[in-house]
Amino acid sequence: MKTTLTEAKHHHPLWTKYLLFTCIPRQYRDEVLGDLDELFAAARSERGLRRARQYYAFQAITTAAYFIVWVVSRSRGFKTMLQVLLVAMAAWLFPTEAASSFIKALLR
């Protein structure tokens, strides 16, 4: 079943679906997408379509970022998400050559 342009205007942004589909591991996709769809429906009834689309986009970006960090942390052998977040914060706060070489050493 194809979605018409008029119908698409009343749903969440399509680019967010692509972002989530590519960032979320297959075993979690249905559950996460279903939860976000429920949040979108609730936000749409409470705040209107424009605000709901903004809210969904924000939730999609943060959810995708979480799963990216999670996948990287598992593949790099980090024991906790906290370690990954600390490394990411260090890279952002101290964008020097010494800090980046330290971070590269941690990620090996």
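Any read-out appearing in this document is the output of simple, stated calculations on the displayed coordinates, not a laboratory observation. If you're wondering where the values come from, they're calculated on a predicted model, not measured in any experiment. We place every Cβ from the backbone using ideal geometry, glycine too, and count neighbours over all the protein chains shown.
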*Among residues belonging to region 37-59 that are in contact with a His (Cβ under 8 Å, 6 or more places away or on another chain) and among the aliphatic types (A, V, I, L, M), point out the one that is nearest to Pro13 (Cα to Cα).*
Ala57
*Being in contact (Cβ under 8 Å) with a residue 40 or more places away in the chain and of a type in the set (Phe, Trp, Tyr) is the filter here, so list the residues in region 22-78 that pass it.*
Tyr56, Phe67
